[in-house]
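To start, the structure itself, in structure tokens.
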Amino acid sequence: MSQTTNEPALVIHNGTAVLPDRLLPDAVIVCVGGRIQRIGQALTLPPKAMLVDAKGGYITPGFVDMHVHGGDGADFMDGTADAVRTACRAHARHGTTTIFPTTTTGSPEQLTAMLDACVEVQRSSTAGDEARIAGVHFYGPYFAPDKVGCHSRAGRRDPDAAEYRRHFATGIIRIATCAAELPGAEAFYREAKRRGCLITCGHSNASWAEMARAFRAGMRHVDHFWCAMSSVASLRQRFGTPMQASMEQFVLANPEMSTEIIADGCHLAPELMEFAYRQLGPQRLCLVTDANRALGMPPGRYRFGSETDGDWIESDGRVGYVPGGGALASSVVGLDTMVRNMKAMTSASLPEVIHMASLTPAERAGVGNEVGCLARGKRADVLVLNRQLKVKRVFLAGAELLR
Ligand SMILES: [Zn+2]
Ligand SMILES: [Zn+2]
């Protein structure tokens with residue numbers, strides 16, 4: 001690859017690069033035309049270069065968040081381009097450079113508005129403004145009635161082919177969730193597969209047998225492991241004895257299945273984070289924020305989903321929860337916090353932790369050729385972190401995010 005533009009190369013140096021399989025000390029990363037051109041040690045620098053000093057910290061790929069609802073007071077389901085931009089910008093400050101805005105339960109019109117707003121922002125955004133939308137995660141409204149969680153119950157329904165075909169026709173949906181036990185789930189999965197989506201089962205009380213049918217229709221991922229999903233105990237209530245295997249056993253036993261965890265330290269105790277890492281490994285486990293609009297906002301009451309009729313949740317500044325009950329209602333922190341927690345609370349190495357925050361979600365969601373690791377030819381989505389893994393600088397396609 002040769003330098004074809006007159007713009008100076010972006011050169012990030014004096015840090016330890018985090019590669020997918022190892023650390024590279026004293027690294028130099030050269031980016032040209034929004035792409036990574038070279039990675040090495042003691043490289044000869046191009047004559048015209050904009051030097052960025054990593055000050056002895058880490059140089060990592062930008063994070064990829066495949067499950068995220070909002071931030072800085074905006075929820076993607078607000079359905080306006082302004083709200084979408086606000087949330088994407090909030091997450092970019094926390095190191096997310098590739099984002100999959102995620103729907104919740106809501107009316108068909110609210111979903112249409114959300115998808116249209118994401119298409120508009122995806123088309124009009126310039127590098128450096130905000131996290132880049134790689135596609136939408138179509139998540140609600142096809143949840144199981146007994147696993148709706150903190151989402152608005154009125155906006156839940158069974159899959160409706162006429163409705164979801166309209167949504168898929170926007171072309172922006174890259175990840176598609178449906179509870180496997182719902183009538184019409186398999187037809188939904190087959191349509192999503194035809195569209196090339198990563199197909200996931202979430203907010204579901206599915207049995208092993210239902211998961212096996214879903215798998216045959218193309219389902220390969222499960223949303224936020226251990227949250228709003230079936231267990232042996234929940235299936236015993238549904239079917240009695242003999243006790244049945246659940247989504248948990250199906251994912252752990254099947255090497256083609258991946259999943260994700262909310263590693264904010266509030267949803268899962270450290271031993272469950274360690275268990276997920278050890279059982280699934282960094283190739284099958286993604287870190288997600290599942291953050292709602294309270295990220296970046298003071299503690300208080302916020303709507304989850306649309307600002308007009310989403311259900312109320314509360315944030316104490318550490319996590320979201322359902323008022324009065326104590327049930328959790330998604331996170332209020334960025335992927336940088338999840339990365340620090342995984343490093344501090346589990347035995348995963350730093351390259352493995354960064355893998356789970358970037359390359360694994362990128363590959364599972366079908367954008368692994370473009371982003372996800374520091375490699376020649378990939379988009380120059382690069383972070384500078386300090387030794388405590390705090391985000392210091394964010395580059396999107398080689399353009400620095402103004403923080
Ligand atoms: Zn959820
Ligand atoms: Zn969610």
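Only one of the listed residues (ALA179, ALA214, ALA206, ALA162) is aliphatic (A, V, I, L, M), surrounded by fewer than 17 Cβ atoms within 10 Å (Cβ to Cβ) and modelled with pLDDT of 95 or more. That residue is ALA162.
Among what's in the stretch 320-336 and is in contact with a strand residue (DSSP E or B) (Cβ under 6 Å, 6 or more places away or on another chain) and of a type outside the set (Gly, Ala, Ser), pick the residue that is farthest from ligand 1 (Cβ to nearest atom).
Step one: of the stretch 320-336, the residues in contact with a strand residue (DSSP E or B) (Cβ under 6 Å, 6 or more places away or on another chain) are 320-323, 328-332, 335-336.
Next, only the ones that are of a type outside the set (Gly, Ala, Ser) stay: 321-323, 328, 332, 335-336.
On the way: TYR321: 13, VAL322: 12, PRO323: 17, LEU328: 10, VAL332: 14, LEU335: 17, ASP336: 21 Å.
In this case the residue turns out to be ASP336.
Go through the stretch 174-224 and give me each residue that's hydroxyl-bearing (Ser, Thr, Tyr), more than 16 Å from ligand 1 (Cβ to nearest atom) and either outside the structural domain of GLY135 (by TED's automatic domain parsing) or under 22 Å from the mean Cα position of the chain (by Cα) (or both). Reasoning before the result, please.
Residues of the stretch 174-224 hydroxyl-bearing (Ser, Thr, Tyr): 177, 189, 200, 204, 207.
Still in the list and also more than 16 Å from ligand 1 (Cβ to nearest atom): 189, 207.
Passing the criteria: only TYR189.
One residue is enough: does the stretch 51-62 have a residue meeting the conditions part of a helix (DSSP H, G or I) and either within 16 Å of ligand 1 (Cβ to nearest atom) or buried (at least 19 other Cβ atoms within 10 Å of the Cβ) (or both)? Looking through the stretch 51-62, none of the residues is part of a helix (DSSP H, G or I) and either within 16 Å of ligand 1 (Cβ to nearest atom) or buried (at least 19 other Cβ atoms within 10 Å of the Cβ) (or both). So, in the stretch 293-322, of the ones that are part of a loop (DSSP other than H, G, I, E, B) and of a type in the set (Val, Ile, Thr), which residue ends up surrounded by the fewest Cβ atoms within 10 Å (Cβ to Cβ)? Looking at the filtered set, the residue picked out is THR308. Entry remark, the stretch 139-160: residues being more than 13 Å from ligand 1 (Cβ to nearest atom) and either in contact with a helix residue (DSSP H, G or I) (Cβ under 6 Å, 6 or more places away or on another chain) or not in a helix (DSSP H, G or I) (or both) number 4 in total.
Can you spot a residue in the stretch 226-246 that is part of a helix (DSSP H, G or I), in the same structural domain as GLU163 (by TED's automatic domain parsing) and within 16 Å of ligand 1 (Cβ to nearest atom)?
Restricting attention to the stretch 226-246, the residues satisfying the condition of being part of a helix (DSSP H, G or I) are 232-239.
When the remaining residues are screened for being in the same structural domain as GLU163 (by TED's automatic domain parsing), the result is 232-239.
When the remaining residues are screened for being within 16 Å of ligand 1 (Cβ to nearest atom), the result is 234.
Looking for residues that are part of a helix (DSSP H, G or I), in the same structural domain as GLU163 (by TED's automatic domain parsing) and within 16 Å of ligand 1 (Cβ to nearest atom), one finds at least one in the stretch 226-246, hence yes.
Conditions tested, residue by residue: (1) touching a Ser or Thr at 6+ places or on another chain (Cβ under 7 Å); (2) within 16 Å of ligand 1 (Cβ to nearest atom).
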| position | (1), (2) |
| --- | --- |
| PHE250 | no, no |
| ASN254 | no, no |
| ALA263 | no, yes |
| ALA269 | no, no |
| TYR277 | yes, no |
| THR289 | yes, yes |
| ARG303 | no, yes |
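Right, VAL332: assigned by TED's automatic domain parsing to the domain that holds GLY305 and within 15 Å of the chain's Cα centre (by Cα) or not? So VAL332 fits the description; yes. Pairs linking a residue in the stretch 118-137 that is in contact (Cβ under 8 Å) with a residue 60 or more places away in the chain and on the phi > 0 side of the Ramachandran plot to a residue that is basic (Lys, Arg) and not in a helix (DSSP H, G or I), with Cβ atoms under 9 Å and 6 or more positions apart or on different chains, are GLY135/ARG174.
The values are calculated or read from the model by the stated rules, or taken from the named source; none is laboratory data. Note that the structure is predicted; figures quoted are calculated from it, not measured. Don't worry about glycine lacking a Cβ; one is built from the backbone with ideal geometry, like all the others, and counts go over all protein chains shown.
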